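Trainee: Supplied in structure tokens, the structure appears directly below.
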Amino acid sequence: MTRPEHRVYLLRHGETEWSGNGRHTSRTDIPLTANGERLARRAGRTLASLGLVMPALVLTSPRERARRTAELAGLRGAATEPLLAEWDYGDYEGLTTPQIRESVPGWTVWTHSCPAGESADDVTARADKVLARVRHAESDVVLVGHGHFSRSLVARWLGLPVTSGVGFALDPAGVAVLGHERGAPQVVRSNIPAWQDSGD
């Protein structure tokens, strides 16, 4: 039985040194670690196991870590989409949450500002533009990007405030699947880890 509507697959890039140690990474272009490359290859098998129909519309953040993840996952013909860049952390780029909380107690990207970076309203506007582009695609869609921005996309798909992204986990090389149930937006799958086997 064929699906009545296409699906949107969100693939977070594989592990980097900074994602591994909790440093906020938006504009800084950091490569995948060796483990991140393994996870990216496995993510391709995850997408296949979840029913991704190819050829699909594949869009990737302009950052190397996302583009390399798409390549290793076997996502041919990926186009770069600047709107898929990570939430801009501004002055907090490269800092961990505990470091930021030394001067701003209780800080999170979901509840506080990022000086010289993006606000929740800025991220909402970007997320809505991405979803407007892919919502009525004639094929499945894969969006290869980053943790906070991908979680923001999940929230906006459901019509929730972008700050509700805090409720949706997405680990490195994890996959979320967005779809519909009788026309209503739905999270079909959430934070599916990269396929685990001994083949790589």
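The values are calculated or read from the model by the stated rules, or taken from the named source; none is laboratory data. What you see is a predicted model, and the numbers here were worked out from it, not measured in a lab. Heads up, the Cβs are rebuilt from the backbone with ideal geometry, glycines too, and the neighbour counts pull from every protein chain shown. Accessible surface areas use protein heavy atoms only, side chains included; no ligands, DNA or RNA. Shrake-Rupley method; radii C 1.70, N 1.55, O 1.52, S 1.80 Å.
Trainee: Report the local net charge at A56: Lys and Arg +1, Asp and Glu -1, summed over other residues whose C-beta lies under 12 Å from its C-beta. Before the final figure, lay out the partial values.
Mentor: On the way: positive: R7, R76; negative: E138, D140.
Counting the neighbours of A56, the net charge comes to 0.
Trainee: Provide the FRET efficiency to the nearest 0.05 for the T163-E102 pair, computing r from the beta carbons and using R0 = 22 Å.
Mentor: Efficiency, rounded to the nearest 0.05: 0.45.
Trainee: Protein chains only, probe 1.4 Å: how do H13, H180 rank by accessible area, largest first?
Mentor: Largest to smallest exposure gives the sequence H180, H13.
Trainee: Looking at the chain, what % of its DSSP beta bridges pair antiparallel, to the nearest 5? All intermediate terms of the calculation are to be shown ahead of the outcome.
Mentor: Numbers: 11 of 22 bridges.
Here the share of antiparallel DSSP bridges comes out near 50 percent.
Trainee: Whole angstrom only: what separates the Cα centroid of the range 117-152 from the Cα centroid of the range 22-38?
Mentor: 20
Trainee: Name the residues whose placed amide hydrogens come within less than 5 Å of the amide hydrogen of N191, ignoring near sequence neighbours (fewer than 5 apart) on the same chain.
Mentor: For N191, the qualifying residues are V175, A176, V177.
Trainee: Taking all pairs of different Cα atoms in the chain, averaging 1/r and flipping that mean, what Kirkwood radius in angstroms comes out?
Mentor: Details: mean 1/r = 0.0593 Å⁻¹.
Hydrodynamic radius (Kirkwood, Cα only) of the chain equals 16.9 Å.
Trainee: Compute the long axis of helix 120-134 from its Cα atoms, compare it with the longest principal axis of the Cα atoms of the chain, and write down the angle in degrees, 0 to 90, nearest 10.
Mentor: On a 0 to 90 degree scale, this one is about 10.
Trainee: As an exercise, identify the trypsin sites (Lys or Arg not before Pro) in the range 31-109 lying in DSSP coil whose Cβ has no more than 12 other Cβ atoms within 10 Å. Let's see the in-between values first.
Mentor: Values: sites: R38, R41, R42, R45, R63, R65, R67, R68, R76, R101; in loops: R63, R76.
Listed in order of number, the matching sites are R76.
Trainee: Shifting gears a bit: Once amide H atoms are placed 1.01 Å from N in the peptide plane, what residues at a sequence separation of 5 or more from T16, or on another chain, have their amide H within under 5 Å of its amide H?
Mentor: T33
Trainee: Between helix 147-157 and the chain, what is the angle of the helix's C-alpha long axis to the longest principal axis, kept within 0 to 90° and rounded to the nearest 10?
Mentor: Computed tilt is about 60 degrees.
Trainee: If I take every Cα pair under 8 Å that is 6 or more residues apart in the chain, average their sequence separation and divide by the length, what percent do I get for the relative contact order?
Mentor: Working: 417 pairs, mean separation 62.6, N = 200.
Once normalised by length, the contact order is 31 percent.
Trainee: How big is the accessible area of D128 in square angstrom, nearest 10, if you roll a 1.4 angstrom probe over the protein chains?
Mentor: Counting only protein heavy atoms, the figure is 60 Å².
Trainee: Let me ask something else. With the chain treated as a Gaussian network of Cα nodes joined by springs under 10 Å, which of V162, V104, V123 yields the largest mean-square fluctuation?
Mentor: V104
Trainee: Now, a different point. Among G14, G167, G90, which one shows the biggest mean-square fluctuation in a GNM of the chain, springs joining Cα atoms closer than 10 Å?
Mentor: G167
Trainee: Moving on to the next point. For the chain, what is the calculated [θ] at 222 nm in deg cm²/dmol (nearest 500), taking -39500 (n - 2.57) for each run of four or more DSSP H residues and dividing by its residue count?
Mentor: Details: 6 runs with 61 residues, N = 200.
That calculation yields -9000 deg cm²/dmol at 222 nm.
Trainee: What residue among A66, A176, A132 has the largest mean-square fluctuation in a Gaussian network model of the chain, using Cα springs under 10 Å?
Mentor: A132
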